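What follows is one structure encoded as structure tokens, with my remarks underneath.
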Amino acid sequence: MIRGWRLSLVLACLAFLLGCGGAPRRGEPPSSEREARAALDALSARYIERSFAWDPGSAVYAGRHEHDGEIVDYRPSALAAWVEELRGFRREAEAIAASALDPARRTERAYLLALVDASLFWLVRLKQHESSPLAYANAIDPSVYLTRPYAPLDVRLAAYVKHAHNVPRVVDTMIANLRTPLPRTFVQVGLSVFGGLEPYLARDVPAIFASVLDAERRETLARANTVALAAIARAKTFLEAQQATATDSFALGPDLFREMLWATERVDTPLEALRAEGERDLARNFEALRGECQKLLPGGTLEACAALVGDDKPSEGPVAAARAQVPELKRFVATKQLVSIPGEEEALVEEAPPYKRYNAAYIEIPGPYERGLPSTYYIAPPDPGWSEVERTAYVPGRMDLLFITVHEVWPGHFLQFLHANRSERALGRVFVGYAFAEGWAHYAEELMWEAGLGEGDPKTHVGQLLNALLRNVRFVSALGLHTGGMTVAASERLFREQALCDPGNARQQAARGTFDPAYLNYTLGKLVIRKLRDDWLRTQPAGDARAQLRAFHDRLLSFGGPPLPLVREAMLGTREGAL
């Protein structure tokens, strides 16, 4: 009896001294809070690892190269298992009391729930794997092994060979999963990507690895490419056969569209209110364009004004011109102190490979597990199948290109991911949402003009406004195509008339709206960020306006990339009033 009591007392004292029970040390949260924080940290870490196991391609892009060569498994049994895991993650996250967490972890818990809901939406509600060839085409994209110098070329060659041998499984799964008839634009984009991959693998891949190809490796690569190319040929044959029965049935409908906005971005604004916000911003930018065009071409039409700016093509070509713009824009951001630059990484500029030319420009950025690697900003040449007039018009003018470079590099996506890769919370480093990423990059275009880029030059402003109008029309088209009965032809006209797009771009953009219903997120994200900025700045004491704006940008980017209403709640205490 005495002995037992003494042992209990000793254990109690040890527990107190070690912080394992009893009263917490000064400054420590109570035990229940510590347990909740530890539980969330463990759950977030496990979610990341299981997400990488389900989609190892995303792990490779994040810099986790133990997954090199592996590709996501869309076979029904694997899908069903992952869906069950996602539902389990949701239950576990909900079981952790938000009130027991510190502010950063409360945001992370909400972000984890949003990530799970987004995945469940795409897999269970929308079933993209049953309708979109692009999901499979993107999965077999080998560019990380070919263009990112994360390891010596011979190591990347081995990874590519493993990847290539997995391509047939992905293609065969696609053919089994897709429910026909498919929407016409889905078939077209699938053929574009698979058709572009074919010559790229046959011609470019051996050239990239040429310096490490001895006889044995040459044979190994040839066998792997033969396997992958045969699978890609099967994909093309399958998609070509779908052209005869393809339909114009792609619309989500209002209910599913609303569900998409909530599940993926935590936006619950009624569709009519959203439409009104988008049309208001479109009208604002259209009137600004009208004013600048009167300065440039008094009495002329907007089309003639846009042509005047668009015809000012870079004589050295868009890739070389963008290479010159990148350091100039970095200097401007630093001089104006718009936002902190947290690293020394740089962005290269290259021509887009043939299989990724369904949009004019994009950037590939190393993930949070990489160190010191460059990003690559890709610019697509025009489709060689277009007329000469359309090919010429597709090449961006200097001022249009300037703001594309702003969007992709400084201070757009590239700078944003320098911050995201250094976020304090793990989910923020690994997952950056669509509206946050594209909203920031689009916001950056307007920010740079307002900060003095171009020194008030009307041509420069027209370049910024044409980019803004493109995103405005995406917003209106997404709502129209998926909730308002808009046709692809009507969307294409809208891009021509309201965004003053050239025919090739208008055609691409209208088609994209059918298989990328969330491309309204460019303008949606921008509007939410602008509103958050204005509301947050009003809470700050009087002071240096430039320093406060920089502080806002740094704080915003520190979160990584959760749904923006969650960021608003973290910065202002409420999600209300996001739009």
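Table: residues versus (1) under 30 Å from Leu557 (Cβ atoms); (2) assigned to a loop (DSSP other than H, G, I, E, B).
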| position | (1), (2) |
| --- | --- |
| Ala306 | no, no |
| Asp312 | no, yes |
| Leu329 | yes, no |
| Val349 | yes, no |
| Tyr362 | yes, no |
| Glu370 | yes, yes |
| Gly385 | no, yes |
| Arg391 | no, no |
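Examine the range 200-210 for a residue that is among the basic types (Lys, Arg) and touching a residue at least 60 places away in the same chain (Cβ under 8 Å), and state whether such a residue exists.
Within the range 200-210, none of the residues are among the basic types (Lys, Arg) and touching a residue at least 60 places away in the same chain (Cβ under 8 Å).
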Hey, does the range 226-247 have a residue that's under 24 Å from the mean Cα position of the chain (by Cα) and of a type outside the set (A, V, I, L, M, F, W, C)?
-> no
Taking into account only those residues within the range 314-357 that are out of contact with any Pro (no Cβ under 9 Å at 6 or more places or on another chain) and of a type in the set (Asp, Glu), which is nearest to Pro396 (Cα to Cα)?
-> Glu316
Only one of Glu370, Glu408, Glu364 is buried (at least 24 other Cβ atoms within 10 Å of the Cβ) and of a type in the set (Asp, Glu), namely Glu408
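Go through the range 325-379 and report how many residues are charged (D, E, K, R) and closer than 20 Å to Leu197 by Cα. Explain how you work it out, then say what you get.
Of all residues in the range 325-379, those charged (D, E, K, R) come to 328, 330-331, 336, 344-346, 350-351, 356-357, 364, 370-371.
Within this subset, residues satisfying the condition of being closer than 20 Å to Leu197 by Cα are 350-351, 356-357, 364.
So the answer is 5.
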Filtered residue count, the range 490-521, keeping only those that are among the aliphatic types (A, V, I, L, M) and under 21 Å from Ser131 (Cα atoms) = 4
If we keep just the residues of the range 444-465 that are buried (at least 24 other Cβ atoms within 10 Å of the Cβ) and not polar (S, T, N, Q), which is farthest from the chain's Cα centre (by Cα)?
-> Val462
Working carefully through the options Arg507, Arg471, Arg496, find the one that is under 16 Å from Val189 (Cβ atoms), among the basic types (Lys, Arg) and in contact with a helix residue (DSSP H, G or I) (Cβ under 9 Å, 6 or more places away or on another chain).
-> Arg507
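Could you list all residues from the range 222-264 that are assigned to a loop (DSSP other than H, G, I, E, B) and touching a residue at least 40 places away in the same chain (Cβ under 8 Å)?
Gln243, Thr245, Ala246, Asp248, Ser249, Phe250, Ala251, Leu252, Gly253
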How about the range 477-498: which of its residues are surrounded by fewer than 19 Cβ atoms within 10 Å (Cβ to Cβ) and outside any helix (DSSP H, G or I)?
-> Gly484, Gly485, Thr487
Sort out for me the helices (runs of 4 or more DSSP H) sitting completely within the range 504-579 that have 2 or more residues that are more than 19 Å from Gly433 (Cβ to Cβ) and without any contact (Cβ under 8 Å) to a residue 12 or more places away in the chain.
-> 521-538, 545-558
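Would you be able to say whether some residue in the range 182-202 is within 22 Å of Ala137 (Cβ to Cβ) and in a loop (DSSP other than H, G, I, E, B)?
The answer is yes, given that some residue of the range 182-202 is within 22 Å of Ala137 (Cβ to Cβ) and in a loop (DSSP other than H, G, I, E, B).
Sort out which residues of the range 314-327 are not hydrophobic (A, V, I, L, M, F, W, C) and not in a loop (DSSP other than H, G, I, E, B), and write them in order of number. I'd like the intermediate steps shown before the answer.
Of all residues in the range 314-327, those not hydrophobic (A, V, I, L, M, F, W, C) come to 314-318, 323, 325, 327.
Correct list: Pro318, Arg323, Gln325, Pro327.
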Give the range 373-383 a look and list any residue that's buried (at least 19 other Cβ atoms within 10 Å of the Cβ), assigned to a loop (DSSP other than H, G, I, E, B) and touching a strand residue (DSSP E or B) at 6+ places or on another chain (Cβ under 8 Å), or say none.
-> Ala380
Could you look through the range 442-462, keep only residues that are among the aliphatic types (A, V, I, L, M) and either in contact (Cβ under 8 Å) with a residue 40 or more places away in the chain or outside any helix (DSSP H, G or I) (or both), and pick out the one that is farthest from Leu566 (Cα to Cα)?
-> Val462
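Residues checked against (1) under 17 Å from Phe431 (Cα atoms); (2) within 21 Å of the chain's Cα centre (by Cα); (3) in the same structural domain as Thr264 (by TED's automatic domain parsing):
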{"site": "Asp68", "(1), (2), (3)": "no, no, no"}
{"site": "Ala80", "(1), (2), (3)": "no, no, no"}
{"site": "Glu85", "(1), (2), (3)": "no, no, no"}
{"site": "Arg91", "(1), (2), (3)": "no, no, no"}
{"site": "Leu101", "(1), (2), (3)": "no, no, no"}
{"site": "Ala104", "(1), (2), (3)": "yes, no, no"}
{"site": "Glu108", "(1), (2), (3)": "yes, yes, no"}
{"site": "Val116", "(1), (2), (3)": "yes, yes, no"}
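Looking at Pro354, Pro366, Pro327, Pro384, which is the one that is under 26 Å from Ala135 (Cβ atoms), more than 17 Å from the chain's Cα centre (by Cα) and of a type outside the set (Ser, Thr, Tyr)? Reasoning before the result, please.
Details: Pro366 fails: more than 17 Å from the chain's Cα centre (by Cα); Pro327 fails: under 26 Å from Ala135 (Cβ atoms); Pro384 fails: under 26 Å from Ala135 (Cβ atoms).
None of the other options fit; the residue is Pro354.
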Scope the range 87-133; condition surrounded by 20 or more Cβ atoms within 10 Å (Cβ to Cβ), farther than 16 Å from Thr264 by Cα and of a type in the set (Asp, Glu); matching residues | none
Return yes when Gly428 is crowded, with 24+ Cβ neighbours inside 10 Å, modelled with pLDDT under 95, in the same structural domain as Glu316 (by TED's automatic domain parsing) and in a helix (DSSP H, G or I) and no when it is not.
-> yes
Arg156 meets each of (1) buried (at least 21 other Cβ atoms within 10 Å of the Cβ); (2) under 30 Å from Val488 (Cβ atoms) with one exception, condition (2)
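The values are calculated or read from the model by the stated rules, or taken from the named source; none is laboratory data. Model, not experiment: these values are computed from the prediction. No Cβ is skipped: glycine too gets one built from the backbone with ideal geometry, and neighbour counts run over all protein chains shown.
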